[in-house]
1. Could you check segment 111-135 and list, in sequence order, the residues that are in contact (Cβ under 8 Å) with a residue 40 or more places away in the chain and part of a strand (DSSP E or B)?
2. Find the residue count for segment 199-215, including only residues that are touching a residue at least 12 places away in the same chain (Cβ under 8 Å) and within 12 Å of LYS183 (Cα to Cα).
3. Cβ-Cβ below 6 Å, separation at least six or inter-chain, first residue in segment 28-52 and farther than 12 Å from ALA63 by Cα, second β-branched (Val, Ile, Thr) and in a helix (DSSP H, G or I): which pairs?
4. Just checking, which of LYS203, LYS133, LYS183 is over 14 Å from the mean Cα position of the chain (by Cα) and modelled with pLDDT under 95?
5. Applying the selection to segment 168-203, what residues are closer than 30 Å to PHE146 by Cβ and assigned to a helix (DSSP H, G or I)?
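The values are calculated or read from the model by the stated rules, or taken from the named source; none is laboratory data. Quick caveat, the model's predicted, so the values are computed rather than measured. With ideal geometry, Cβ positions are generated from the backbone for all residues, glycine too; neighbour counts draw on all protein chains shown.
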Amino acid sequence: MITLDGTQASNVRLMENMLTAGMTVARINCAHDSKNVWSQLVDTLKQAISQSGRTCKMYMDLAGPKIRIKSIWRRGHLCEEVRLSEGDDLTVTTQEQRPMLWNEQPDCILVVEPTAILNAVKVNNRIYFDDGKFEGLITHHAAHHFTLRISRISAKKPTLKSGKGMNVPDTELPIHALTEEDKTHLPFVCQHADLIGFSFVGKPEEVTDLQNEINHHTT
């Protein structure tokens, strides 16, 4: 399986080479690019399949809820990344304007989403960033923020960047795995995908909801 992106949207030769090299599943991550780009990728893949005589399934991954770092503030200044060490304490909030309003400016502030995460997490809950490269433990919880102590770093370069994803394994977030944005993408996905990826599922009912939406667009 190979994940496609906009840089390959019209490159039939490259798509043929990937098929020849053994690609049997082409993945489109619906969290990136647009329907226009996805359409170009689908057309390019079909052309490459026709010219190469190979077979390949189209797998489209729904974006799901955004659980990520929106921005990073370092000593009162907005920055794209921050270098961390084990034992560092970070202040985490969901309020974009809050970092500029605090009288006592923490050394490092992460503004994250969704907003529901603030009331859902508890002291001693773990939080992972950037596909598990950074692990932290919540040590303090307040009305508008919580404090996170970095307990493990497995990245070669211990630099955490804005926009990276989060995982909260000890926390049940009150959000639905199928977002309204996902629903707007489903007509296109149902038309072109052989397989559909569905992440952040917390309850069986969420799978049922997706199946009902799919049935709505395929019957």
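1. Correct list: VAL111, VAL112, GLU113, ARG126, ILE127, TYR128, PHE129, PHE134.
2. 4
3. THR44/VAL12; GLN47/VAL12; ALA48/VAL12
4. Values: LYS133 fails: modelled with pLDDT under 95; LYS183 fails: modelled with pLDDT under 95.
Going through LYS203, LYS133, LYS183 in turn, the sole match is LYS203.
5. Within segment 168-203, the subset closer than 30 Å to PHE146 by Cβ is 168-182, 198-203.
Listed by number, the residues that qualify are GLU180, GLU181, ASP182.
Conditions tested, residue by residue: (1) more than 30 Å from THR147 (Cα to Cα); (2) assigned to a strand (DSSP E or B); (3) polar (S, T, N, Q).
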site	(1), (2), (3)
LEU14	yes, no, no
MET23	yes, no, no
ASN36	yes, no, yes
GLN40	yes, no, yes
LEU45	yes, no, no
ALA63	no, no, no
